[in-house]
Amino acid sequence: MLAKKYFNFIAILVLTLFSFSAYGEETKQEPGNTVNTAQEIKEYIKHHLKDSHDFHFYTNNETGEHRSFPLPVIVWTKDGLKTFMSSAFHHDDNGQVIVEKGNARLVKLHSKIYQLDQGATTVAFDDDHHPTNAHKVLDFSITKSVFGMLLTGLLMLLGFSALARGYKKGHTVPKGVGRILEPLVIYVRDDIAKPNIGEKKYRKFMGFLLTVFFFIWILNLLGLTPLGFNVTGQIAVTACLAIFTAVIYLFSGSKDFWKHTLWMPGVPMILRPILAVIELVGFVLIKPFSLLVRLFANMTAGHFVVMSLIALMITMKESFGAVTSTGMSLVLALFISVIEILVAFLQAFIFTMLSSLFIGMAVEEHDHH
Amino acid sequence: METLLNDFSVGLFFMQGIILIILILLMRKFAWKPILDALQTREDGIQNALDSAENAKLEMQNLQADNEKLLKEARAEREAMLKEGRELKNKMIDDAKAEAQAQANTMIAQAQAAIESEKKSAMADLKNHVAGLSIEIAEKVVRQELANKDKQLELVESMLGDAKLN
């Protein structure tokens, strides 16, 4: 009991500290220099939308000090696996700081880690600012997104295992956090899984659907906090989620499903191969692709709009004055943030809904006429 | 599209995959399975309770109907018994009456017959007596007549007086 209280206290403390310190990062500073022009704001937003290798709160412009904590970098280079803390890059994101690990020379450039080619000592760029003598490495680092996912996973495990323990203790009605979580679980089961997959077969897919629903939702909500997470706006993350769905429905497809997909009954013989190609492409490529792009685009756009509105206070300062522009940016950003709270739920719902719809299509047994 | 592809991090994809698989497995074991089971049990329990309540209600209704039927039967039976009793009573009274009547009739008839025979014998006696008396008177009259006419009348007179006294 005491430990639980202690944990809650720490959690609230950490969240409060994070939100205070991180506001500076979102609105004003880029590591090392102030953000004042439209170009800088654009760069800053672009930088935020990307994944990053350290957890950066803010930079003190006068002293040039960075407030952040490093995250572990784990990369697979040509010379084997290298691990070190991201603080080794000293917050450099332009390929200036070279980290030498054995024979491998590593630099960080626009949130990506590159390995310099044999013999090169500095990064050379072409006209488009692409490095010419370095190439990307396989990056398994605990980046900010991975950190966010781990945090989400931990939160889910804590919250839902507490609910599960409550039932085991013999409470038929949950207590505490379970009171909020139980209706959500029932909602996913009764309004998403059952109607789409069917009463008989839904149970098998509940593990995936529930996990994905809460995973996406919590990550979306984390993205709305000033911590600067943008996990569901990483295309790799949404792609992975979509591929999971695709793999699940393709592997649980019933005989009827494959028959209807590959050799559609009831249509002229000559159309059947064409339909088979269309259906196959639809199930293997288009449906997962629509899933991944929908989530990615919605969350990225949300972050982009919120940050742009916050940046209004800088871009509109000259035409409206500091007070008006700040007021406007506050009101608009608040408005969009409220909408984003809805979108955070909506996107989690849509992803789960469509996943269960596709699974439902795949497991359906047709009655033959 | 190029930036999108450039932003696609294979490492992140890989990490996400591993995290998701582990998370799904852990959540399934420690959260979803117990939660869904508990919910199922609870819902089944509620359904059962509702069903049994419904059954109990039906049973109650049946019982009530039975009770009413029993009551009705009992009432009908009582009615029938009362009716039977009344009939029996009437019949007994009638029978008793008829028997009494019959007995009275026979007794009356016997009495009448006895009276008749008594009367007959009494009449016969009376006749005999009157005949004897008449003869006696006639005898005395005849005897006196021969002696005195007055005396004869006197005799008849006294004779008659005797007969009156008798």
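The values are calculated or read from the model by the stated rules, or taken from the named source; none is laboratory data. All of these numbers come straight from a predicted model, not from anything done at the bench. Every residue, glycine as well, gets a Cβ built from its backbone with ideal geometry; the counts of neighbours run over all protein chains shown.
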Kindly check whether there is at least one residue in the stretch A:155-170 that is out of contact with any strand residue (DSSP E or B) (no Cβ under 7 Å at 6 or more places or on another chain), in a loop (DSSP other than H, G, I, E, B), at pLDDT below 80 and on the phi < 0 side of the Ramachandran plot.
-> no
Just checking, which of A:Leu158, A:Leu81 is in the same structural domain as A:Pro183 (by TED's automatic domain parsing), surrounded by fewer than 18 Cβ atoms within 10 Å (Cβ to Cβ) and within 30 Å of B:Leu20 (Cβ to Cβ)?
-> A:Leu158
Among the helices (runs of 4 or more DSSP H) lying completely within the stretch A:187-299, list those that include at least 2 residues that are touching a residue at least 60 places away in the same chain (Cβ under 8 Å) and within 12 Å of another protein chain (Cβ to nearest Cβ).
-> A:206-224, A:235-251
Out of the residues in the stretch A:144-172 that are among the polar types (S, T, N, Q) and at the interface with another protein chain (Cβ under 7 Å from one of its Cβ atoms), state the one that is nearest to A:Pro72 (Cα to Cα).
-> A:Ser145
Sole exception among (1) at pLDDT 90 or above; (2) closer than 30 Å to B:Glu157 by Cβ; (3) of a type in the set (S, T, N, Q) for B:Ser134, by number = (1)
Residues of the stretch A:311-329 being buried (at least 20 other Cβ atoms within 10 Å of the Cβ) and at pLDDT 90 or above, which ones?
-> A:Ser329
List the pairs whose first member sits in the stretch B:4-25 and is more than 7 Å from chain A (Cβ to nearest Cβ), whose second member is part of a helix (DSSP H, G or I), and whose Cβ atoms are under 8 Å apart, counting only residues at least 6 apart or on separate chains?
-> B:Ile22/A:Gly153
Can you confirm whether the stretch A:127-135 contains a residue that is surrounded by fewer than 18 Cβ atoms within 10 Å (Cβ to Cβ), in contact with a strand residue (DSSP E or B) (Cβ under 7 Å, 6 or more places away or on another chain), within 14 Å of chain B (Cβ to nearest Cβ) and not in a helix (DSSP H, G or I)?
-> yes
Return yes or no: is A:Ser141 under 29 Å from A:Gly207 (Cβ atoms), facing chain B (nearest Cβ under 8 Å) and in a loop (DSSP other than H, G, I, E, B)?
-> yes
